[in-house]
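Chemist: Here's a structure for you.
Just so it is clear, none of the values below were taken in a lab; they were calculated from the coordinates. Keep in mind it's a predicted model, so treat the numbers as computed, not measured. Here the Cβ positions follow ideal geometry from the backbone for every residue, glycine too, while neighbour counts run over all protein chains shown.
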């Protein structure tokens, strides 16, 4: 049930026994930024936002809401892409004030933090302890750890370190009835029954509220080397990836696909960005090596590998960054594609994954299907090709009416998601399901697996008060 105006005053009095007055927010100007995420596709509504400061307050809030059958929507940094944290009349439960570093144990290579910690805050704390936390995404200056876990965030270093799920050692979670599951263990191995923590990772706040997490740390990175390479063709992306892995061992940490149309977007609309090479081909990649040793090993290895790839005609031209500014320029190109793609007259976003070996054929066949549907359409497939994750965004033909283009959203999504499915892929690689992809969830998810998920939701949240309407 959603909270209505008649109930609001009564609930404010009840919540005042739990929270500071400043943490009970009804001012719509203050709430407004929490009613839509950065993509802006969906706008929601809420007449009350709560900002608890500790797990005990979260527990009491959920106990009361469960008793009164009032729904809540948890929020972190509100940087998602599928409207997972957008309310539709429910109470907003913002965890951003729960932002303490609880402990950092360098010898255990672990850090324990509250869920409202900003990702960059965790990165900085790890660095101060001569350790490294590898999750890196474009919103790292505003997204929170709880949101990262709830959406199983990926990012540019998944190739080497895995998704957020792979970086979590233990969780503290408040269940729908206020009970607190305390499993903040710093263990690499714990084979004592079901791994219950995994239920809440990628669940988008529908099974419980994550209030703290113990996370894996790694040896401090002393040296990074970044390169931009222009390739013979699309098939060469996978051949070069295999070559890099064979030559470099554990040095390869990022491998990002950059199509020429994406580079053109970045150069045209980005802030004083320059092409790293003069003769850019249709398909390009950003390569990053990272090393815990402060020597020339990474640079020499990358140079030798690229020289071999050029000799084998996989790579047409490449440039290794020789300064911080050149490195920043390369990575800003990647970020600028995301920021400025809408300037091509709009975009329809997709986040899909297929087996790595299938990426070239998936891109070719999807592009062909899109062009057959809408001649002149401009696909912009880019991103984490090293782990098979492609952001297959689609822009309209030149001078095409943007409103008319939006009317084709469902058809275009079906082409992209449907083709990914034929390759054994997923319609939700790293952004989750939320509100946006519920139709695909029903269409493409295995029926038995989907029913198990629904049964789990019914068991853990029988009154459906936790982020209702998301995923299913």
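Chemist: So if R0 is 51 Å, what FRET efficiency would residue 32 and residue 246 give, r being the distance between their Cβ atoms, rounded to the nearest 0.05? Kindly include the intermediate steps, with their values, before the conclusion.
Modeler: On the way: r = 52 Å, r/R0 = 1.03.
The formula returns an efficiency of 0.45 here.
Chemist: Compute the distance in nm between two label points, each set 7 Å from the Cα along the Cα-to-Cβ direction, one at residue 269 and one at residue 222.
Modeler: Modelled inter-label distance: 4.2 nm.
Chemist: Taking the Cα atoms only, what angle lies between the long axis of helix 55-68 and the longest principal axis of the chain, rounded to 10 degrees?
Modeler: 60
Chemist: Can you sort 164, 49 by how many other beta carbons sit within 10 Å, fewest first? Could you put the intermediate results ahead of the total?
Modeler: Numbers: 164 26, 49 22.
With the sparsest Cβ surroundings first, the list reads 49, 164.
Chemist: Return a whole-number percent for the relative contact order of segment 202-312, with Cα pairs under 8 Å and 6 or more residues apart as the contact set.
Modeler: Dividing the mean separation by the residue count of segment 202-312 yields 41 percent.
Chemist: Now for a different question. Determine, from the Cβ-Cβ distance of residue 442 and residue 323 and an R0 of 56 Å, the FRET efficiency 1/(1 + (r/R0)^6), rounded to the nearest 0.05. Present the calculation step by step, with values, prior to reporting the outcome.
Modeler: On the way: r = 51 Å, r/R0 = 0.90.
The calculated FRET efficiency here is 0.65.
Chemist: Order by neighbour count: 186, 131, fewest other Cβ atoms within 10 Å first, most last.
Modeler: Numbers: 186 16, 131 21.
The most exposed by this proxy come first: 186, 131.
Chemist: Quick check: from the Cα gyration tensor, does segment 214-314 come out rounded (a/c under 1.5), prolate or oblate?
Modeler: Working: a/c = 1.94, a/b = 1.33, b/c = 1.46.
Cα axes put segment 214-314 in the oblate bin.
Chemist: What FRET efficiency comes out for the pair residue 6/residue 195, r = Cβ-Cβ distance, R0 = 41 Å, nearest 0.05?
Modeler: Numbers: r = 44 Å, r/R0 = 1.06.
After rounding, the FRET efficiency stands at 0.40.
Chemist: Relative contact order of the chain: what whole-number percent is it, with Cα pairs under 8 angstrom and at least 6 residues apart? Let's see the in-between values first.
Modeler: Values: 976 pairs, mean separation 71.8, N = 472.
Computed value for the chain: 15 percent relative contact order.
Chemist: Next up: With everything on Cα atoms, drop me the angle between helix 119-128 and the longest principal axis of the chain, reported from 0 to 90° to the nearest 10.
Modeler: Between helix and principal axis, roughly 70 degrees.
Chemist: Checking the a/c ratio against 1.5 first, then a/b against b/c, what shape does the Cα gyration tensor give for segment 5-95? Could the numbers behind the result be given before it?
Modeler: Values: a/c = 1.81, a/b = 1.61, b/c = 1.12.
Cα axes put segment 5-95 in the prolate bin.
Chemist: Additional query: Using 0.36 nm per residue of separation minus the Cα-Cα distance, give me the extension gain between residue 102 and residue 410 in nm, one decimal. Numbers along the way, then the final one.
Modeler: On the way: separation 308, 0.36 × 308 = 110.88 nm, distance 4.47 nm.
Full extension from residue 102 to residue 410 adds 106.4 nm.
Chemist: Can you give the relative contact order of segment 5-95 as a percent, counting alpha carbon pairs under 8 Å and 6+ residues apart? Please list the in-between numbers first.
Modeler: Working: 129 pairs, mean separation 30.7, N = 91.
Worked out over segment 5-95, it gives 34 percent.
Chemist: May I pose another question? Sort 220, 197 so the one with the fewest other Cβ atoms within 10 Å of its own Cβ comes first.
Modeler: Details: 220 14, 197 23.
Ordered by Cβ neighbours within 10 Å, fewest first: 220, 197.
Chemist: Does anyone have the angle between helix 235-248 and the longest principal axis of the chain? Alpha-carbon axes, 0 to 90°, nearest 10?
Modeler: Orientation of helix 235-248: about 80 degrees from the principal axis.
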